[in-house]
Every structure is written in structure tokens, then in C-alpha cells.
1. For the chain, what is the Kirkwood estimate of the hydrodynamic radius, computed as the reciprocal of the mean inverse distance between distinct Cα atoms, to one decimal in Å?
2. For LEU205, enumerate residues with amide H under 5 Å from its amide H, sequence gap 5+ or separate chain, H modeled in the peptide plane.
3. Pop the C-beta distance of ASP343 and ALA278 into the FRET formula with R0 = 41 Å and round what comes out to the nearest 0.05.
4. Could you state the orientation-averaged shadow area of the convex hull built on the Cα atoms of the range 220-350, in nm² to one decimal?
5. What list of ³J(HN,Hα) values in whole Hz, one per residue of the range 271-278 in order, does the Karplus curve 6.51 cos²θ - 1.76 cosθ + 1.60 (θ = phi - 60°) give from phi, with Gly and Pro shown as x?
6. With +1 on each Lys and Arg Cβ and -1 on each Asp and Glu Cβ, and nothing else charged, work out how big the dipole of the chain is about its Cα centre, in Debye to the nearest 20.
7. I'd like the FRET efficiency for HIS310 and ALA248, computed as 1/(1 + (r/R0)^6) with the beta carbon distance as r and R0 of 35 Å, rounded to 0.05.
8. What is the gain in length, in nm to one decimal, between VAL332 and VAL18 on full extension, counting 0.36 nm per residue of separation less the C-alpha to C-alpha distance?
Amino acid sequence: MSIKTSALVAETAGAPFVQRTIEHRELGEFDILIDIAFAGICHSDIHQVREEWGRAIFPMVPGHEIAGTVAAVGSAVTRHRVGDRVGVGCMVDSCGDCEQCKDGQEQFCDNGNVMTYNGRGYDGNPTYGGYAQQVVVSERFGVRIPDGISLDEAAPLLCAGITVWTPLKRWGAGPGTKVGVVGLGGLGHMAVKLAAALGAEVTVLSRSDAKAGDAAELGADKFIATGEKGALRKNTRTLDLIINTVSAALPMNDYLGLLKPQGALVNVGIPSENYDIAPFAVVGGSKVLAGSNIGGIPATQEMLDFCAEHGIGATIETISADEVDAAYERVVAGDVRYRVVIDTSTINAG
């Protein structure tokens with residue numbers, strides 16, 4: 001028997017959300033049913049609801065920053081028990097058999113992972129995400145949320161947190177390294193918190209100094225207002241690693257100039273335009289220009305455990321279901337500090 005739950009649904013591209021009942025698949029032997037408490041709003045939700053990243057599947061229930069508790073488990077589930085605090089990020093299933101899955105890199109599944117929403121399960125049916133009161137996922141894709149993090153502050157860690165944790169760890173952020181974070185939004189504020197907790201010296205790069213005070217409170221040591229004339233030139237060869245979180249085509253040659261020799265600039269934002277890069281900007285200093293996806297399930301658990309150990313959660317504001325359309329406009333306008341989280345108990349299918 002399918003599982004019915006209340007959800008926020010976009011019926012067509014760009015349409016306002018409606019509150020109605022949706023159906024999830026029947027609980028399989030390796031599945032868990034989660035009572036969702038909070039769901040973060042990621043900018044990628046907006047891109048997909050508005051069909052800005054190509055053709056999407058409608059009706060759509062977005063949301064891949066999910067925090068809640070296990071309500072039921074399938075007959076063969078061993079990883080979770082009813083009542084466990086769990087989170088779900090951008091994926092809800094993968095083949096589990098390929099090289100990438102066995103290496104804990106499910107985001108690169110050779111057979112195609114199943115995205116939390118705007119995707120299709122292996123049964124061919126569309127997936128529905130976290131703007132709902134319940135969700136069904138494979139047990140492998142529910143990660144444990146430690147008691148040291150509240151569920152509302154944990155929800156954004158399942159996308160924003162792991163998205164910046166992955167490049168910080170891969171490129172060695174820690175004591176003795178100098179890390180730049182471009183953009184202080186949902187991703188950027190988590191990059192600052194995590195890089196600082198890892199022991200790096202952190203510099204925030206933002207268009208104006210409007211968020212300089214916030215940056216310091218979040219753990220940044222320095223701040224560069226990139227809109228000021230000559231600001232980038234004054235800081236050439238000062239950073240070991242730059243995490244670029246903005247979805248705009250920046251003057252990449254200038255930002256590469258901030259790196260020390262053998263430094264890395266890693267993009268996690270996805271602009272709609274291509275970057276314009278001079279080859280010598282990377283060759284001259286043996287620099288690296290890279291991109292980074294989300295992380296796999298082991299890395300996501302590692303990140304959550306690290307956050308609990310260091311008292312880190314997302315900086316959030318909580319809204320009700322009827323405020324989501326307005327919140328989308330605020331996210332696009334950059335008027336959120338720093339992640340909006342939906343209290344899913346306010347969803348009422350009528």
C-alpha cells in the first residue's frame with residue numbers, strides 16, 4: 001500500500017505552491033519512512049521549480065535538506081530504528097554495486113543515483129522531496145543526526161554543509177592554510193564555519209562590506225569587499241584555497257590571481273554562463289581550477305559528526321508552509337541570512 005502524506009507541490013514550472021496530498025511508494029524491505037520535521041530551502045530548489053536547469057518533472061515536491069525521525073522500517077533494515085534522528089540529502093538511492101558506490105561515492109554512481117526529487121526511482125516513478133511531512137528512502141541514504149545538533153539547524157547541512165565540506169577536506173583546509181570563501185550565503189556561511197573549525201585562516205570575499213560583521217561572527221579572520229577598486233589586486237598570492245559559492249560568472253583570472261602557487265580555486269556554485277579563463281592564469285603558478293559536487297554518504301556522516309563535535313549548525317530562519325513562495329523571492333534577492341528552513345508541521349493538505 002502506498003504512503004500518503006501532506007506536501008507542498010509545484011504543479012507546473014514556476015507555479016505557486018499548493019498544499020495537497022501526495023503518495024510515496026510502499027515501504028520496501030530495505031526502506032525507511034521518515035517523519036520530516038524541517039526542510040531547508042536550497043537555491044537549486046528554485047532553479048528546478050522554475051525549470052532553469054532544463055526540463056523538469058511535474059508535479060514537483062522539492063527539498064533535499066531533510067531532517068526528521070524514523071517512523072517505520074522495512075523488514076530487512078539494520079541501520080536504523082524507529083525514533084532515530086536522521087537526515088536525507090540530495091540522493092535517496094543508488095545501485096550499491098558499482099565501483100563508485102562501493103567506494104562511498106554514491107553521487108557518482110555508474111548506474112545513475114536516484115535524486116531526492118525531480119528524479120525517478122529504479123521503479124520509474126518520480127521522486128518527491130522534503131517539502132512534505134514524510135518521505136521514503138533506502139536505508140543507506142538516511143544519515144544519523146547526532147544529538148548535539150538541533151534538527152532545524154541540521155537540515156541545511158545535508159546539502160549546503162556537505163557541498164562545502166567535500167572540497168575543504170579534499171584540498172586540505174586546516175591549520176596553516178589560508179582559505180578564501182567567495183559569497184556569504186547559504187553555502188558560503190557554512191564554508192566559513194567549517195573552514196574555521198578545521199583550523200584554517202578564513203577570508204570572506206563579498207561584493208560590499210555589508211556582511212563584514214556577520215563574516216567575523218561566523219569565524220572569518222579577514223574580509224575583502226571585491227567591489228572596491230583594486231581590492232583583488234591588493235591581495236594577490238595570499239590564499240591556498242578558494243571555495244567559490246556564487247552562481248555568477250566571475251572574472252576568474254582575477255580570482256586565480258589571489259592564489260599562491262599550487263593553490264586551488266574550487267567552484268561549487270553553478271553559473272548559467274561559462275567562465276572565461278586565460279590558460280596562463282593556471283599554468284603560470286601551477287594552480288588548479290576545479291569543481292566539486294556533493295559528497296557521498298560516508299563523507300556526509302563524517303561532516304555531521306564533526307559539526308556536532310564543534311557545535312556547528314546552519315544559521316537559519318524558520319518559516320511556515322504559506323511563506324515559501326515569498327521566501328523564494330528573498331533567496332533570489334540575497335535577502336536571507338543564511339538559510340531558510342520550513343517547519344513541515346505547518347503543511348496542511350486540507
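1. 20.6
2. Answer set, sorted by chain and number: VAL181, VAL182, GLY183, ILE224.
3. 0.30
4. Values: hull surface 45.4 nm².
Over all viewing directions, the range 220-350 projects a mean Cα-hull area of 11.3 nm².
5. x, 7, 10, 7, 6, 10, 10, 7
6. Working: 28 positive and 42 negative charges, 224 e Å.
In debye, rounded to 20, the chain gives about 1080.
7. Working: r = 30 Å, r/R0 = 0.87.
So, using R0 = 35 Å, E works out to roughly 0.70.
8. Answer, rounded to one decimal: 111.0 nm.
Values in this text are rule-based calculations from the coordinates and carry no lab data. All figures in this text were calculated on a predicted structure; none of them were measured in a lab. No Cβ is skipped: glycine too gets one built from the backbone with ideal geometry, and neighbour counts run over all protein chains shown.
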